[in-house]
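Worksheet for the structure shown next.
The values are calculated or read from the model by the stated rules, or taken from the named source; none is laboratory data. Just so you know, these numbers come straight off a predicted model, no measurement behind them. No Cβ is skipped: glycine too gets one built from the backbone with ideal geometry, and neighbour counts run over all protein chains shown.
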Amino acid sequence: MPIQTIKTTPYADQKPGTSGLRKRVSVYSQPHYVENYIQAIFDSLDEVGGQTLVIGGDGRFYNNVAIQKAIRIAAANGFGKVLVGQGGLLSTPAASNIIRHYKAFGGLVLSASHNPGGPDGDFGIKYNVGNGGPAPEKITDAVFARTQVIDSYKTLDTPDIDLDVLGTQQVGGMVVEVIDPVADYAALMQTLFDFEAIRALFRSGFRMTFDAMHAITGPYAHAILEDMLGAPKGTVINGVPSPTFNNGHPDPNLVYCKDMFDLLMTPEGPDFGAASDGDGDRNLIIGKNRFVTPSDSLALLAANAHLAPGYKDGIAGIARSMPTSAAADRVAEKLGIEMHETPTGWKFFGNLLDAGRVTICGEESAGTGSNHVREKDGLWAVLLWLNILAVRKQGVDEIVREHWRTYGRNYYTRHDYEEVDAAIAGKLVDDLRASLISLPGKVFADDLQIAYADDFTYHDPVDGSTSAKQGIRIGFTDGSRIVLRLSGTGTVGATLRVYLERYEAPDGRHDLDTQLALEPLIGIAETLAGIRSRTGRQAPSVIT
Ligand code: G16
């Protein structure tokens, strides 16, 4: 079968963000757009001849089109084999596991995560390397550079392959194997968690609801929670993946899972509520009368991980992204283990996990995971919570309160200003950055005194690389913090994120309303950055 070399011209906007290249479907649908990007990825890698590539996505609109293109380009570039999930489906953590389990060269993960899908929604392509994790900046920078000069790509003139039939097919000289998307992942979960204890929990009448949000975790949750762990049928809701997420927004937060939250706050509601996002790497955890913030969840999972068989010997260390609250730091301190603060983006955890320096990682953006894969993992977090609940025989609220009495509470919130004019947002950040040097020592109401103000630079302790300009940190003498940065995952304009945190000691007040507890810091952020006057927004678009 002759390899076709197709002439093309570069697109200026193919710079990967926090997590791959996320754009509107209308952008991805432009002639050669997908082809350019995938060829640029392959051109930026070492020799791919004869190697195995994993491909899968969250089933969103355009998934099937992009997968067929990717398979042809992979074949034309000399890959020996492609492993693809049946129906083109693989959750992001399952894709990471498949790459690792089958020792593949890397993988293409097709998703725009929690962003809406459909013809007017978003699509995304991310390349993961052989450790199963997102490509490091060295590679994403090279990919972007390549997209700017690309003048041709390679493909084959072959019919679409049937993604619904398990087994092998041939595309040019390359084998394509369609695999069960769930089996290997479910087997991995069985090695980590005490399935018998969780089965007993469900037998005892414990009730949960899991919202798959019409996204990728439906098949995984049905198989693991209902079929393997014996949760009653109906525990998983919205469990059939839809290309448009049933016209919903697959972001498991208190805005898009408000119905579940409300249910959990009622006496007749279930004991436990959870949800995952478009591609299955984020999680939402709600107990009866208790929402657990992602930052607290990270700390709680780290403190209790030893109760699950996969972590029974303890954890080596914890890593969190810089804007994530310092709740986990207190756990690491007590356990006497390493604690790392990294830039936003799961890719920064890869080296620490590979080097065995940390076992559990997490981010304020509803992501937690461990060294079992190199992505955050929504269902993993849910199963670890279930394992902990089964062993401790306590409710979520009780466990959370005990945790605060031991470690103190980090009140925490994030205010997002979405689709702000990019130039205005950029200037706001630049001006704040320029003022940082003058801030230490300044005192505000409530005796809040600035201890340090900087723009976070990460020095990777494993490979020595440096990543600068990762977000503005303003720290106070009492441990409070304001963090401000621009999102790297938005697709329209700029999203300004303001993260606010205040520490309350173990014997302090743990029952305050979060927004009220953080009010003084919210005021200081406004004073320092002038968000309202500059953006014209009177309130954040989303508060989490
Ligand atoms: C991605 C990244 C995360 C990051 C999040 C938010 O999550 O994988 O590491 O924390 O975006 O990033 P930003 O603040 O730059 O928008 P996901 O679930 O969208 O892949």
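One table, with the values for the structure above:
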{"quantity": "Criterion (surrounded by 21 or more Cβ atoms within 10 Å (Cβ to Cβ), in a loop (DSSP other than H, G, I, E, B) and out of contact with any His (no Cβ under 8 Å at 6 or more places or on another chain)) met by exactly one of Ala231, Ala221", "calculated": "Ala231"}
{"quantity": "Members of segment 486-510 found to be modelled with pLDDT of 95 or more, within 16 Å of the ligand (Cβ to nearest atom) and either of a type in the set (D, E, K, R) or in a loop (DSSP other than H, G, I, E, B) (or both), listed by number", "calculated": "Arg497, Glu501"}
{"quantity": "Only one of Ser113, Ser96 that is buried (at least 24 other Cβ atoms within 10 Å of the Cβ), polar (S, T, N, Q), touching a Lys or Arg at 6+ places or on another chain (Cβ under 7 Å) and touching a residue at least 24 places away in the same chain (Cβ under 8 Å)", "calculated": "Ser96"}
{"quantity": "Filter result (under 19 Å from Val483 (Cα atoms), of a type in the set (Asp, Glu) and touching a His at 6+ places or on another chain (Cβ under 9 Å)) within segment 303-361", "calculated": "none"}
{"quantity": "Selected residue (only one of Asp446, Asp421 is modelled with pLDDT under 95, under 31 Å from the mean Cα position of the chain (by Cα) and over 14 Å from Arg485 (Cα atoms))", "calculated": "Asp421"}
{"quantity": "Those strands (runs of 3 or more DSSP E) lying entirely in segment 258-316 with at least 1 residues within 16 Å of the ligand (Cβ to nearest atom) and among the hydrophobic types (A, V, I, L, M, F, W, C)", "calculated": "272-276, 283-287"}
{"quantity": "Any chance Phe193 is crowded, with 18+ Cβ neighbours inside 10 Å and away from the ligand (no atom under 16 Å from the Cβ)", "calculated": "yes"}
{"quantity": "The listed residue being in contact (Cβ under 8 Å) with a residue 40 or more places away in the chain, within 17 Å of Thr92 (Cα to Cα) and either touching a Cys at 6+ places or on another chain (Cβ under 8 Å) or of a type outside the set (Asp, Glu) (or both), out of Leu389, Leu384, Leu428, Leu379", "calculated": "Leu379"}
{"quantity": "Residue in segment 88-98 that is nearest to Glu177 (Cα to Cα), counting only those that are more than 16 Å from the ligand (Cβ to nearest atom) and outside any strand (DSSP E or B)", "calculated": "Ile98"}
{"quantity": "Subset of segment 101-127 (residues that are within 9 Å of the ligand (Cβ to nearest atom), closer than 18 Å to Val84 by Cα and among the hydroxyl-bearing types (Ser, Thr, Tyr))", "calculated": "Ser111"}
